1. Output the number of residues of segment 349-400 satisfying the condition of being in contact with a strand residue (DSSP E or B) (Cβ under 9 Å, 6 or more places away or on another chain) and in a strand (DSSP E or B).
2. Going by what's in this entry, would residue 148 be described as surrounded by fewer than 24 Cβ atoms within 10 Å (Cβ to Cβ) and within 23 Å of residue 173 (Cβ to Cβ)?
3. Of everything in segment 402-429, what is β-branched (Val, Ile, Thr) and in a strand (DSSP E or B)? Give them in sequence order.
4. Could you grab me the full set of residues in segment 263-295 that are touching an Asp or Glu at 6+ places or on another chain (Cβ under 7 Å), of a type in the set (Val, Ile, Thr) and not in a strand (DSSP E or B)?
5. Check off (1) without any contact (Cβ under 8 Å) to a residue 60 or more places away in the chain; (2) surrounded by fewer than 16 Cβ atoms within 10 Å (Cβ to Cβ); (3) outside any strand (DSSP E or B) for residue 328 and give me the number that stays unchecked.
6. Go through the residues of segment 127-144 one by one and say whether even a single one is open to solvent by less than 20 Å² (accessible area, probe 1.4 Å), hydrophobic (A, V, I, L, M, F, W, C), closer than 18 Å to residue 389 by Cα and without any contact (Cβ under 8 Å) to a residue 60 or more places away in the chain.
7. Name the one entry in 320, 241 that is open to solvent by 20 Å² or more (accessible area, probe 1.4 Å) and on the phi > 0 side of the Ramachandran plot.
Amino acid sequence: MKRSQIFLSPFLAISTLFFSGWDSMYAAEVADGNVALFSEFNYSVTSPTERGRDEYGTPLLPGCYPDPSIVRVGDDYFMVNSSFAFYPGVPIWHSTDMQSWERLGYVLNRPGQLDLPDGLRISGGIYAPDISYNPHNGLYYMVTTLVDNGGNFYVTTADPMKGDWSDPVWLPEVGGIDPSFLFDSDGKAYIVNNDSPDGPPLYDGHRAIHIHDFDWKSGKVTGEPVIIVNGGVDISEKPVWIEGPHLYHIGEKYFLMCAEGGTGPDHREVIFESNSPKGPFKPCRINPILTQKDLNPLRQNAVTCAGHADLVEDVNGNWWAVFLAVRPYGTEGHDIMGRETFIHPVEWVDGQPVITAPHEVLVPHAQPESHSELWNAQGLAKDAFFIRNPQSDSFKVDSSGRLRLKASDVKVTDHKSASAIGRWATENAFTVTATLDEFTPVYGEDIAGILLYQDDGCNMVLGKSLDPEGHDCVKLTAISKGVLTHMASLRLKSTLTPVKLKVEADGKGHYIFSAAEGDGPYRLIGIPIPASNISTSTAGNFTGTMVGVYATAKK
């Protein structure tokens, strides 16, 4: 079977396609079985903050939208992010001013474009997409790595607004991760990427940046790769994980910008220059050009882990950088949102770009008050996604705006595609409510309700289930690193009354759970649970916290 044909066959049974603000996404007539009927789901942030143009600690894209890549063509800006083992893949955004961004949907929005099979780790999947424009053929390119399941590939489109990206074109000659394109003014094109150094690594985390010639007319890599950076700015200091390379031709020089230090607190962005795309590249005089690593790690309201940047020139000739960073909720490094996209102006100093001045402090700002749904009568929201490739018959949104979610026998801890639909948490303080109109648990493990998900081993569920005596209840379960840490339940008075579920993140590192029957008052369930149980650093992931709905029932 060809790679471009992977994963098509399981989805041929899809009976109905709908447009939900994404490109064609598959809806389905829910097959026979236990079904959870949700009439409402609301995610709200209630800490309003006026956002100023110079508040560069404010995330440009709140939530788990890491590894941003940006391109401008005329008055249009397009940006993409990593999506890991969630489907659809590679969220894509559009703007005309770089301040307000419209969610277009996803680049990889068809099953044939993206294979995320059962067993794939959540921090596998899609890494560090790069978006670029080739003026010589009028096509946009998105190139990325499908980690653990195929390697590097690219897709193309003539118009990102339409969302009709091609099937993958695989790049077996390009190893490693984080490929990106440069379509040069002379008609030549190159791919730069992270890969192994020549010979055995000199230390743990020793990597190199390679460059390949790319023939855009044939769509193929040609010739042999050349290493243009070995290790990093100063290999004697044993810099780790040189990655995320972007090659720019600006004026008479070529600049190669990369991330160093891993994506934790030592993360930073560095830059090199050359008179030729293939080097030799030498470090620019000022490095790193972006970091927060030298600041007090115990500072309050920190922005940390800044790096993995991309540069863009706006229509007025000003330069900007988009990059990832983290807003932890305390001084211990735990976070809820994961790595978010930030923006900062670029200054040119002695002929080189600089993003942050030495010891410049990025100060976080909360987003304005907002309320959003996961679905409506037209279908799923643009920011909705699934864990790995979903089953073709798992859900349906009816004309009245209710979601019918089929309860799969796959549990959210099974390292498979559970019956779950979610979106990213975007603040340390938020509230999620859902109304479950119908669900009939038969076994004690059956449950339907709200899901907080970091990965298969770090998650929390609040939903309708059965208690040990077989009575209908609202049950809370919390799993951290594969271990059940919390369980509580509240017996229901009626099996037929709709159940309202609520999860509140208090902004100080705790989740609070409650439920109500019908129009009755909310009652607390269990005790507040530390958000650190399912934080990025606890799980050891590259992702944030998914919030959504979930249903499982034993067959």
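The values are calculated or read from the model by the stated rules, or taken from the named source; none is laboratory data. Since we're looking at a predicted model, the values are computed, not measured. Because the Cβ atoms are built from the backbone with ideal geometry, glycine has one as well, and the counts that use them run over all protein chains shown. The area values use the complete protein model at the heavy-atom level, side chains included, leaving out ligands, DNA and RNA. Shrake-Rupley method; radii C 1.70, N 1.55, O 1.52, S 1.80 Å.
1. Selection size over segment 349-400: 17.
2. Criteria met by residue 148.
3. 421
4. 289, the sole residue that qualifies.
5. The one condition residue 328 does not meet is (2).
6. no
7. 241
Yes/no matrix, rows are residues, columns are (1) open to solvent by 10 Å² or more (accessible area, probe 1.4 Å); (2) closer than 26 Å to residue 80 by Cα:
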{"residue": "200", "(1), (2)": "yes, no"}
{"residue": "208", "(1), (2)": "no, yes"}
{"residue": "212", "(1), (2)": "no, yes"}
{"residue": "222", "(1), (2)": "yes, no"}
{"residue": "231", "(1), (2)": "no, no"}
